[in-house]
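Asks: Quick one: the structure is below, questions incoming.
Laboratory data are not the source of any read-out in this text; all were calculated from the coordinates shown. These numbers come from a predicted model, not from an experiment. Don't worry about glycine lacking a Cβ; one is built from the backbone with ideal geometry, like all the others, and counts go over all protein chains shown.
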Amino acid sequence: MRRILLSEQEIEAASEQYGTPIYLYNLNKIDRQFAKLIDHLPPNFRILYTLKANSNLTICHKLAQLGSGADISSNGELSAALKAGFSPEQIVFTGPGKTNPELAAALEAGIGTIVLESVKEAHRLNNLARQYGMNQDVLIRINPLYRTSKSCEISQGASQCGSNNGNGSEPSATIQTIATSASKFGVDEALAEEAIAEIASLSHLNLQGIHIFTESNVLDYQQLLAAWKNTIAIANRLNDQGYPISQIDFGGGIGIPYNWVDDEFDMESFGRELQQIFDHNRYPYHCIVEIGRYLVGEAGCYLTDVVDIKESLGQKFIILNGGVHQLLRTSMKKASKYMEVLGRNGNQTQKATLGGKLPTPLDIMVEDVEVPEDIEIGDRLVIYNCGAYGFNHSLTNFALHNYPGEVAYQDGTMKSIRSRGKVDDFFINQNLDFIANTEMSDTAVLTSR
């Protein structure tokens, strides 16, 4: 069964009606994923949808209707969250490098929580809050001394965060924690008490708790549980030292398989064991989880068609009407092996490279993927699990090809939720007056001579 929960006929119908390339999303799948979180996470958890995964307004509105809050990292995402119907009080602003105008916009919107990345950022926010005559709830992000040995920043390097390429769901016999490296995120754990004391002294900030986010796209629930246990231990130690920590933002990390064979994340076991931890913990906490990929990743696919087939030095290339300007997976190319050619299931296969239409050798979507031997120009190809970090994550302006359209499916009905781009879209906010005025000035100078 396709994880998107759509049949080949329904996917084919979308491509016939709306053309290609497009992104197709099944909103019913999002319903199902959200229900799993509600059913299995402990009741002290609040779910935030991470807009950086997919900020399409229809998808955001669907999650707002389901009762999710929003995790944002920019003014653009703040605007999208508000347009989509998320309550300001349920919005959390995360991420490094927040500017004063961004912090001011968050204060003006009345969002619930701002996650601080440094003491300097805390002072800037406090000064702004004083000017607005308000107090702002905040968390402080901590860069932990230890994290799991499979953390994306440890085992694979930061460029590989979020990838799983098979065997991702095999449980680890032992989940180790090892010392972390320097990070642009948050305050080092060794300096956390000093930072918390200083932030707590600021008159217009209400420090509620901590934020720690170290894992990405985890399929082994024991790995994520180990990371979250470490976060709880840090919160407990801070409370032991007299710092009133009442909230924990665990970030995200719950993953999805990017192939046909891996088991999905064991949400039931994860939730049950997490509840047992809180049942025996010496401090109660209100908890936040930021979820993007798990909610929308499997709900989306990318549809395109074959425009050329060629060979080079014995290697077959399938050239698509698309490319990394529409689906960029720098650290997750192998994820695009989770695909099929519509109407050619069960045929004999051969290995090939899927290339896009951009004039650069970097436009390779995936290598050594099995495709039908009888694949032809004009065939429709679908890459699955593109609902997260697809459209939002791509080099959309490279070579000025039109943006792909986006289509949503729900309860047997399909509708366009973003029209395919137009060439004129690329020239919005551009200005030719400078060159024109310069040329006129040069002409005037020459004439005067």
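Asks: In terms of the Cα gyration tensor, with a ≥ b ≥ c the square roots of its eigenvalues, is segment 41-296 rounded because a/c is under 1.5, prolate because a/b exceeds b/c, or oblate? Spell out each step's value before the answer.
Replies: Working: a/c = 1.71, a/b = 1.26, b/c = 1.35.
Since a/c reaches 1.5 but b/c is at least a/b, the shape of segment 41-296 is classed as oblate.
Asks: Determine ³J(HN,Hα), in whole Hz, for all residues of segment 213-229 in sequence, where each value follows from phi through the Karplus function 6.51 cos²θ - 1.76 cosθ + 1.60 and θ = phi - 60°; x replaces Gly and Pro.
Replies: Computed from phi, the couplings for segment 213-229 are 9, 10, 10, 8, 6, 8, 9, 7, 4, 5, 4, 5, 4, 4, 5, 6, 4 Hz.
Asks: Further question: Taking the chain as a Gaussian network, where each spring joins two C-alpha atoms under 10 Å apart, which residue of Val261, Val369, Val341 fluctuates the most?
Replies: Val261
Asks: Scattering from the C-alpha atoms of the chain alone, worked out with Debye: what is log10 I(q)/I(0) at q = 0.08, 0.11, 0.13, 0.14 1/Å?
Replies: -0.52, -0.92, -1.19, -1.32
Asks: Let me ask something else. For a bin width of 10 Å, list the pair-distance distribution of segment 368-416 built from all Cα-Cα distances, rounded to whole %.
Replies: For segment 368-416, the pair-distance distribution reads 16, 37, 38, 9.
Asks: For segment 1-155, give the share of DSSP beta bridges that are antiparallel, in percent and rounded to the nearest 5; count only bridges with both residues there. If you can, show how the numbers build up before the last one.
Replies: Working: 0 of 11 bridges.
Antiparallel bridges make up about 0 percent of those DSSP assigns within segment 1-155.
Asks: Then there is this: Which of the pairs Lys310/Lys337; Lys184/Lys333; Lys83/Lys415 have their Cα atoms more than 22 Å apart in this structure? Intermediate results must be reported in sequence, preceding the final value.
Replies: Numbers: Lys310/Lys337 19 Å; Lys184/Lys333 26 Å; Lys83/Lys415 19 Å.
Too far apart for the 22 Å limit: Lys184/Lys333.
Asks: If you average the sequence gap of Cα pairs under 8 Å that are 6 or more apart and divide by the length of the chain, what percent do you get for the contact order? Write out the running numbers ahead of the final one.
Replies: Numbers: 914 pairs, mean separation 86.0, N = 449.
The normalised contact order for the chain reaches 19 percent.
Asks: Along Cα→Cβ, 7 Å out, is where each label goes; now give me the distance between the ones at His123 and Asp368 in nm to one decimal.
Replies: Here the modelled spin labels are 5.3 nm apart.
Asks: On to the next question. Of Tyr221, Tyr146, Tyr23, which is the most mobile in a GNM of the chain whose springs link Cα atoms less than 10 angstrom apart?
Replies: Tyr146
Asks: Can you give the charge dipole size of segment 41-296 about its Cα centre, rounded to the nearest 20 debye, using +1 on the beta carbon of Lys and Arg and -1 on the beta carbon of Asp and Glu?
Replies: Taking the Cα centre of segment 41-296 as origin, the dipole is about 480 debye.
Asks: Turning to a different aspect of this structure: Of the candidates Gly133, Gly76, Gly255, which one comes out as most mobile in a Gaussian network treatment of the chain with C-alpha springs shorter than 10 Å?
Replies: Of Gly133, Gly76, Gly255, the most mobile in the Gaussian network model is Gly133.
Asks: I've got another one for you. Given just the C-alpha atoms of segment 229-335, how large is their convex hull per residue in cubic angstrom? Could you put the intermediate results ahead of the total?
Replies: Numbers: hull volume 17.1 nm³, N = 107.
For segment 229-335, the hull spanned by Cα atoms encloses 160 Å³ per residue.
Asks: What list of whole percents do you get for P(r) of segment 29-121, with Cα-Cα distances grouped in 5 Å bins up to the one holding the largest distance?
Replies: The calculated distribution, bin by bin, is 3, 14, 26, 22, 18, 10, 6, 2, 0.
Asks: Label Gln315 and Leu145 with points 7 Å out from Cα along Cα→Cβ: what is the distance between them in nm?
Replies: So the two model labels end up 4.7 nm from each other.
Asks: Given a Förster radius of 30 Å and the C-beta distance between Asp433 and Asn100 as r, what FRET efficiency does 1/(1 + (r/R0)^6) yield to the nearest 0.05? Numbers along the way, then the final one.
Replies: Working: r = 30 Å, r/R0 = 0.99.
Efficiency for this residue pair is about 0.50.
Asks: Let me ask you something else. Would you kindly derive the ³J(HN,Hα) couplings of segment 72-78 from the backbone phi angles with the Karplus curve 6.51 cos²θ - 1.76 cosθ + 1.60 (θ = phi - 60°), listing them in order in whole Hz, with x for Gly and Pro?
Replies: 10, 9, 6, 5, x, 5, 4
Asks: By how many nm would the segment from Ala35 to Gln350 grow when fully extended, if each residue of separation counts as 0.36 nm and the alpha-carbon distance is taken off?
Replies: Numbers: separation 315, 0.36 × 315 = 113.40 nm, distance 3.94 nm.
So the extension gain works out to 109.5 nm.
Asks: Taking amide H positions as placed 1.01 Å from N in the peptide plane, with prolines and chain starts having none, which residues 5 or more places from Phe317, or on another chain, fall under 5 Å of its amide H?
Replies: For Phe317, the qualifying residues are Lys310, Glu311, Ser312, Thr353.
Asks: While we're on this one: Rounded, prolate or oblate, given the Cα gyration tensor of segment 1-79, with a/c below 1.5 counting as rounded?
Replies: Working: a/c = 3.23, a/b = 1.44, b/c = 2.24.
Oblate, since a/c reaches 1.5 and b/c is not below a/b.
Asks: In whole Å and largest first, what semi-axes does the C-alpha gyration tensor of segment 1-155 yield when each eigenvalue is scaled by 5 and square-rooted? Kindly include the intermediate steps, with their values, before the conclusion.
Replies: On the way: eigenvalues 230, 80, 48 Å².
So the three semi-axes of segment 1-155 are 34, 20, 16 Å.
Asks: Pick out, from Gln410, Leu82, Leu320, the residue whose Cα sits farthest towards the positive end of the charge dipole of the chain, with +1 on the Cβ of Lys and Arg and -1 on the Cβ of Asp and Glu.
Replies: Comparing the listed Cα positions along the dipole, Leu82 ranks first.
Asks: Using the scaling law 2.2 N^0.38 Å as the reference, what is the normalised Cα Rg of segment 281-410? Present the calculation step by step, with values, prior to reporting the outcome.
Replies: Values: Rg = 17.3 Å, N = 130, 2.2 N^0.38 = 14.0 Å.
After normalising by residue count via 2.2 N^0.38 Å, the value is 1.24.
Asks: Right, another one. Residues in segment 17-48 near a label at Asp137, defined as backbone nitrogen under 15 Å from the 7 Å Cα→Cβ point?
Replies: Taking a point 7 Å out along Cα→Cβ of Asp137, the residues of segment 17-48 whose backbone N falls under 15 Å are 44-48.
Asks: State the Cα centre-to-centre distance between segment 15-62 and segment 232-289 in whole Å.
Replies: Here the two parts' Cα centres lie 22 Å apart.
Asks: Only helical DSSP H runs with n ≥ 4 go in: add -39500 (n - 2.57) per run for the chain, normalise by residue count and round the 222 nm mean residue ellipticity to 500 deg cm²/dmol.
Replies: Values: 12 runs with 135 residues, N = 449.
Value at 222 nm, helices only, nearest 500: -9000 deg cm²/dmol.
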